[in-house]
1. Could you check region 58-75 and list, in sequence order, the residues that are out of contact with any strand residue (DSSP E or B) (no Cβ under 9 Å at 6 or more places or on another chain) and either closer than 16 Å to residue 138 by Cα or surrounded by 14 or more Cβ atoms within 10 Å (Cβ to Cβ) (or both)?
2. With the condition kept exactly as written, say whether any residue in region 77-96 is of a type in the set (Ser, Thr, Tyr), open to solvent by 70 Å² or more (accessible area, probe 1.4 Å) and either at pLDDT 95 or above or within 27 Å of residue 13 (Cα to Cα) (or both).
3. Which pairs turn up if I take residues in region 111-139 that are over 13 Å from residue 63 (Cβ atoms) and modelled with pLDDT of 95 or more and look for partners that are among the aliphatic types (A, V, I, L, M) and open to solvent by 40 Å² or more (accessible area, probe 1.4 Å) with beta carbon separation below 6 Å, at least 6 apart in sequence or on another chain?
4. Count, please, the residues in region 125-139 that happen to be open to solvent by 70 Å² or more (accessible area, probe 1.4 Å) and of a type in the set (Lys, Arg).
5. Within region 58-74, is there a residue that is assigned to a helix (DSSP H, G or I), within 16 Å of the chain's Cα centre (by Cα) and of a type in the set (Phe, Trp, Tyr)?
6. When only residues in region 4-45 that are more than 15 Å from the chain's Cα centre (by Cα) and outside any helix (DSSP H, G or I) count, which is modelled with the lowest pLDDT?
7. Working only within region 34-57, note down all residues that are surrounded by fewer than 15 Cβ atoms within 10 Å (Cβ to Cβ) and either more than 24 Å from residue 99 (Cβ to Cβ) or of a type in the set (A, V, I, L, M, F, W, C) (or both).
8. Which of the residues spanning region 97-124 are in a helix (DSSP H, G or I) and either crowded, with 19+ Cβ neighbours inside 10 Å or aliphatic (A, V, I, L, M) (or both)?
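The values are calculated or read from the model by the stated rules, or taken from the named source; none is laboratory data. Not measured: the values here are computed from a predicted model. Counting neighbours? That spans all protein chains shown, and the Cβs are built from the backbone with ideal geometry, glycine included. To get the accessible areas, we keep the full protein, side chains included, count just its heavy atoms, and leave off ligands, DNA and RNA. Shrake-Rupley method; radii C 1.70, N 1.55, O 1.52, S 1.80 Å.
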Amino acid sequence: MPSPFQVHQITAAETISVRHHVLWPDKPMDFCQLPEDQNAIHFGIKIEQKLVCVASLFINKNEARLRKFATLPSNQNQGLGSELLQHIISDVKKRNIDKFWLDARETAVPFYRRFGLTVESEPFLKHHLTYVKMVLRLS
C-alpha cells in the first residue's frame, strides 16, 4: 500500500524552522544551522503545503550520517518520521553506502532499532542531553 506521505528533497534553509522548533527551541535559530549544511541532502514531508518533518543526510565517501531529524510535535506519532527514515535508508542503499549512522538521543533508541540500527557507543552528553551512536551496516 503506498504511503499517504510524500518525501521531497528540500533546501537547507527550509529545514531550519522545524529543526529549531523541535530540537532546540531554547537556542537561537542559527544554532540549528550546520556549517556543512550546503553539502548535505535535505529531505522533508509537507502536509497541506506546510513542512512538518525534516532530516539531513551527510555523505562522506562510503558513509552517510543522518542529522537534524525532526517532526513537529503536532505531527508526531503519525508515521511521518518512519516514512522519512525508510525513504532515506532506501536512498542510502541505492548509493552503495557501507555505513549509515547517527547520534541518537537516548530516548529515541527504540525508534531507530525498529529500522535495524544498533547502538555502537557508550552514552555521551551533547548540550546536556544523552546520546548514543547508532549504526546500520549496509555491506
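1. 60, 61
2. No, region 77-96 contains no residue that is of a type in the set (Ser, Thr, Tyr), open to solvent by 70 Å² or more (accessible area, probe 1.4 Å) and either at pLDDT 95 or above or within 27 Å of residue 13 (Cα to Cα) (or both).
3. 132/119; 134/119
4. Matching residues across region 125-139 total 1.
5. no
6. Across region 4-45, the extreme among qualifying residues is 4.
7. Passing the criteria: 48, 49, 50.
8. Here is the first cut: in region 97-124, the residues in a helix (DSSP H, G or I) are 106-113.
Of everything in region 97-124, those that are in a helix (DSSP H, G or I) and either crowded, with 19+ Cβ neighbours inside 10 Å or aliphatic (A, V, I, L, M) (or both) turn out to be 108, 109, 112.
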